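**Q** One structure, as structure tokens, below. Some questions next.
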Amino acid sequence: MDMQQMIIAANRAQCFVSPPLSTLIITINTPSLNPNKPSKTPMRTSLSFLRLFRPLSRSQTVLFRPLTRRYAAPRFCPSFSRHFSVSSAPFSASAVGFVDEKEREEEERWDFSNNETEAKFVFEDNDGVFADNDMKHLVAPDIEVKELDELPEQWRRSKLAWLCKELPAHKAGTLVRILNAQRKWLKQEDATYLAVHCMRIRENETGFRVYKWMMQQHWYRFDFALATKLADYMGKERKFTKCREIFDDIINQGRVPSESTFHILIVAYLSTPVQGCLDEACGIYNRMIQLGGYQPRLSLHNSLFRALLNRPGGSSKYYLKQAEFIFHNLETCGLEIQKEIYTGLIWLHSYQDTVDKERIKSLRKMMRESGMEEGKEVLISILRACSKDGDIEEAERTWIKLLGSNDSIPSQAFVYKMEVYSKVGEITKSLEVFREMKKCLGYTSIASYHKIIEVLCESEQMNLAESFMKELIESGMKPLMPSYIKLTDTYLRLNCHDKLESTFLECLEKCRPNRTIYNIYLSSLVKVGNLGKAEEIFNHMGENVTIGVNAKSCNTILCGYLSSGDNSKAEKIYDLMCQKKFEIESPLMEKLENVLRSSRKEVKKPLSLKLSKEQREILMGLLLGGLRIDSDEERKNHMIRFEFNPSSIPHSILKRHIHDQYHEWLHPSSKLTAGNGDIPHKFNTISHSYFGFYADQFWPKGQPVIPKLIHRWLSPIVLAYWYMYGGYRTSAGDILLKLKGSSEGVEKVVKTLKSKSLNCRVKRKGRVFWIGFLRTDSMWFWKLVEPYILDDLKDFLKAGSETADDCAVESRDINFDSASDSDEKGSSDCSEDLNP
């Protein structure tokens with residue numbers, strides 16, 4: 001340590017003593033588990049013990065009110081359950097995209113809305129009121145702690161002073177070892193003083209570790225004031241995981257957390273870009289009112305409401321009940337309801353599948369009574385609601401108001417107006433609106449093209465639809481897939497099979513493969529009796545994991561075989577459906593039973609819930625890669641949560657394969673609906689006792705662990721899925737696998753890999769271990785797992801091939817030549833809860 005660092009350390013220490021130090025003593029002092037024994041680590045700065053820890057006052061007890069830090073207002077990001085999946089750093093097996101990555105991302109999203117910008121609420125007031133502005137006004141219980149000179153024993157004062165100086169300088173493992181070495185004399189009061197001192201000097205992470213160590217001691221007594229203060233400090237530093245841990249400790253002790261803890265924990269969740277945090281913030285907000293009986297500050301209501309509306313991709317519409325609950329609390333508490341609350345609530349209602357027009361009407365009336373004018377956002381919401389049920393009179397009144405406003409009319413308003421006219425069968429007026437859009441705005445949006453083609457297809461005006469499709473292709477706008485699907489589906493309904501085939505082939509040239517359009521083409525081939533071509537297409541779908549087959553595909557080809565009397569092939573499809581656990585349509589099942597009886601074949605039950613050997617191995621690989629299992633309180637039923645990074649193309653490919661593999665286990669809300677072929681980025685299984693074995697082995701106490709018998713389960717397919725879900729390829733072609741658990745568990749994994757002639761190196765960053773296969777070792781690992789890697793992922797994951805920059809951001813600073821960093825300090829809660 002140079003002299004400048006010594007001076008900085010001394011100045012920092014002077015900030016926390018009273019009266020100020022008059023003398024600075026620079027000594028050579030090194031850490032040791034025993035303050036009486038010298039140690040051999042490098043020189044560091046220290047201050048005179050008793051002078052440094054002179055009392056803040058001469059009273060018997062001191063009321064400790066640490067200074068608070070100031071933080072910028074939170075910026076709310078997407079979230080999801082107490083156990084999250086992180087998106088703060090892009091998780092990808094490789095950052096190298098396909099030829100047109102943007103096109104694929106657009107095609108992934110088209111199902112919800114034809115204009116993504118419309119699916120996010122725009123606030124008129126960008127500044128707003130944020131909840132962290134009120135944190136300094138919150139009241140928290142005071143901590144009573146004795147000062148050092150009030151302790152009767154000189155040796156105790158000296159040892160406590162030594163610990164106060166040493167603990168903040170060490171990482172987690174060393175800190176615990178130092179405290180364990182002092183267990184013979186450390187008591188509740190001593191440990192409390194250590195934790196309080198750490199908070200005084202803003203070493204809150206060290207204070208948290210001391211607190212967790214206290215809880216494991218036989219003499220520990222719960223201290224509500226200490227827990228509250230520490231939870232508040234963790235929350236102010238946005239370390240929501242640690243803050244929530246203390247919050248749960250308080251509740252488990254039968255106490256109600258203070259208002260400050262509720263408020264700060266909600267703000268910490270809202271200000272963190274981690275999936276799941278918004279759901280957690282909503283849950284804590286509800287408990288704050290229902291359990292604590294508190295009345296949240298106006299800024300907290302507003303901040304949470306803004307966060308609900310800021311959800312990307314239109315997922316805000318699922319938070320309508322929570323938004324109504326916030327509105328109800330604002331009303332009952334007599335707080336000011338701002339214009340954006342009314343506007344946002346109307347916006348949410350307009351996005352519902354079934355619009356409550358009476359509620360929208362009452363909200364508009366309340367706005368008028370409050371003297372608020374209906375802005376552009378409200379008028380657009382009214383148009384959107386009218387487009388759902390074809391209320392043409394209200395739509396035209398709203399359109400006149402939009403024309404009379406000073407704001408420019410957004411392109412989506414034209415789309416809604418087109419849809420209103422199409423609902424009542426006025427196709428000509430829809431066409432007029434489409435042409436009017438170009439005159440008013442000077443352009444036509446991709447959403448308007450999709451809508452006019454849809455309108456024309458529904459009215460079976462195919463010549464016009466084809467001309468607009470040609471115009472859309474020539475414009476160069478994307479995605480094209482929604483319109484191709486609408487065209488081919490209409491051709492199937494009209495029995496125009498030749499046009500359907502030509503459109504399908506044209507689609508394959510311009511767009512990426514899509515299961516929906518393949519299913520339409522397969523239905524067409526079966527309908528015309530071209531079973532040879534249909535079988536070829538079906539087999540191609542099954543071999544290509546980016547397309548895949550589903551229950552609809554199998555039922556379609558099965559119908560063709562049964563109709564043609566090809567019973568042997570029908571039985572093969574039946575066996576495949578039993579294996580995949582697809583449900584057979586009732587009319588086909590009646591015909592199939594006759595076929596099976598004639599061949600004296602026993603009718604199987606295709607929906608028996610039992611994991612196959614392949615499913616078990618895939619699940620273990622995914623669990624090693626970071627997959628979650630949530631259990632109920634009694635640990636009788638367990639749910640698997642599949643979460644994929646939406647910004648990762650490899651994850652977009654893998655998620656369809658995983659969705660197909662476990663489709664029979666999926667919760668009904670996670671299954672695909674008719675006409676919707678887009679796989680969500682997160683889905684979960686039903687809650688079932690069958691997953692108990694995996695929960696006990698990998699998530700025994702709600703935290704990830706490495707099973708003791710892991711050496712028996714590391715088969716090539718397990719390693720392959722671990723790599724696809726939780727691995728990276730670096731720019732140099734090396735392979736990294738991410739793993740969470742204990743050092744002993746990681747050691748078992750490494751020994752097992754070495755027994756398979758796979759040399760690797762291990763690097764620890766916080767709570768995460770990185771297993772690296774470097775240079776030639778990566779080639780050996782690749783040869784082992786390549787047969788089980790999905791074909792479309794091989795170019796992304798192949799070892800040894802250098803790329804410009806294909807490793808994830810979070811893995812770029814992994815240096816296996818440096819020492820492991822076991823300290824969690826400095827890594828945010830986002831990285832600690834990272835689920836690839």
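**Q** So how much accessible area does Val256 have, in Å² to the nearest 10, using a 1.4 Å probe?
**A** 60 Å²
**Q** I've got another one for you. Could you order Lys740, Lys610 so the one with the most accessible surface comes first? Probe is 1.4 Å.
**A** Of Lys740, Lys610, the descending order of accessible area is Lys610, Lys740.
**Q** Could you work out what % of the accessible surface of segment 439-543 is carbon and sulfur, using a 1.4 angstrom probe and leaving DNA, RNA and ligands out of the count?
**A** Taking all protein chains in place, segment 439-543 shows 47 percent carbon and sulfur surface.
**Q** In cubic angstrom, how much convex hull volume per residue do the alpha carbon atoms of segment 505-563 span?
**A** Output value, Cα hull per residue: 70 Å³.
**Q** Also, I was wondering about something else. In square nanometres, what is the average projected area of the Cα convex hull of segment 448-566?
**A** Details: hull surface 29.1 nm².
For segment 448-566, averaging the hull's shadow over all directions gives 7.3 nm².
**Q** Next up: Can you pull the three principal axis extents for the Cα set of segment 159-281, in Å, largest first?
**A** 44, 30, 22
**Q** Any idea of the accessible area per residue across segment 539-588, 1.4 Å probe, to the nearest Å²?
**A** With the other protein chains kept in place, segment 539-588 gives 44 Å² per residue.
**Q** A further question on this structure: Starting from the Kirkwood Rh over alpha-carbon pairs, what translational D in µm² s⁻¹ does segment 632-711 have by Stokes-Einstein at 37 °C and 0.692 mPa s? Spell out each step's value before the answer.
**A** On the way: Rh = 14.1 Å.
Calculated translational D: 233 µm²/s.
**Q** Right, here's the next one. Leaving ligands, DNA and RNA out of it, work out the accessible area of Glu336 with a 1.4 Å probe and give it in Å² to the nearest 10.
**A** Near enough 120 Å² of accessible area.
**Q** Let me ask you something else. Which entries of Lys581/Lys636; Lys417/Lys439; Lys317/Lys552; Lys438/Lys470; Lys740/Lys765; Lys212/Lys701 have Cα-Cα distances beyond 22 Å here?
**A** Beyond 22 Å: Lys581/Lys636; Lys317/Lys552.
**Q** Here is a further query. What list of whole percents do you get for P(r) of segment 231-324, with Cα-Cα distances grouped in 10 Å bins up to the one holding the largest distance?
**A** In order of increasing distance, the bins hold 17, 52, 27, 4, 0 percent.
**Q** While we're looking at this one, here's another question. Please report the accessible area of Glu460 (heavy atoms, 1.4 Å probe, ligands and nucleic acids excluded) in Å², nearest 10.
**A** Estimated to the nearest 10 Å², Glu460 gives 100 Å².
**Q** Let me ask something else. Roll a 1.4 Å probe over the protein chains and send me the accessible area per residue for segment 699-759 in Å².
**A** 40 Å²
**Q** Could you give me the ³J(HN,Hα) list for segment 273-279, computed from phi with Karplus coefficients 6.51, -1.76, 1.60 and θ = phi - 60°, whole Hz, x at Gly and Pro?
**A** These are the phi-based 3J(HN,Hα) values: x, 10, 4, x, 5, 5, 4 Hz.
**Q** Provide, in order from the shortest bin, the percent of all Cα-Cα pairs of segment 277-383 in each 5 Å bin, continuing until the bin that contains the maximum pair distance.
**A** Histogramming segment 277-383 at 5 Å steps yields 2, 11, 24, 24, 19, 12, 6, 1, 0 percent.
**Q** Cα centroid distance between segment 746-803 and segment 285-324, in Å?
**A** Centre-to-centre (Cα) distance: 44 Å.
**Q** I need the phi-derived Karplus couplings for segment 654-664: 6.51 cos²θ - 1.76 cosθ + 1.60, θ = phi - 60°, integer Hz, Gly and Pro marked x.
**A** Result, ordered by residue: 5, 5, 5, 4, 5, 4, 5, 4, 10, 4, 6 Hz.
**Q** Here's a follow-up. Distances over 25 Å make up what percent of all Cα-Cα pairs in segment 353-476? Walk me through the numbers on the way to the answer.
**A** Working: 2136 of 7626 pairs.
Here the tail beyond 25 Å accounts for 28 percent of pairs.
**Q** Tell me, what % of the accessible area of segment 252-379 is carbon and sulfur with a 1.4 angstrom probe?
**A** On the way: 2220 of 4830 Å².
Carbon and sulfur atoms account for 46 percent of the accessible area of segment 252-379.
**Q** What Rg and what Dmax come out for segment 347-421 when only alpha-carbon atoms are used, in angstroms?
**A** 11.7, 33
**Q** Pop out the ³J(HN,Hα) list for segment 523-529 in order, Karplus 6.51 cos²θ - 1.76 cosθ + 1.60 with θ = phi - 60°, rounded to Hz; leave Gly and Pro as x.
**A** Result, rounded to whole Hz: 4, 5, 5, 5, 5, 8, x.
**Q** Rank Asp190, Asp678 by accessible area, highest first, at a 1.4 Å probe radius?
**A** Most to least solvent-accessible, the answer reads Asp678, Asp190.
**Q** For segment 396-461, what is the accessible area per residue in Å² when the probe is 1.4 Å?
**A** 47 Å²
**Q** Working with all protein chains in place, sort Leu320, Leu654 by solvent-accessible area computed with a 1.4 Å probe, largest first.
**A** Leu320, Leu654
The values are calculated or read from the model by the stated rules, or taken from the named source; none is laboratory data. All figures in this text were calculated on a predicted structure; none of them were measured in a lab. What goes into the accessible areas is simple: the full protein's heavy atoms, side chains included, and nothing from ligands, DNA or RNA. Shrake-Rupley method; radii C 1.70, N 1.55, O 1.52, S 1.80 Å.
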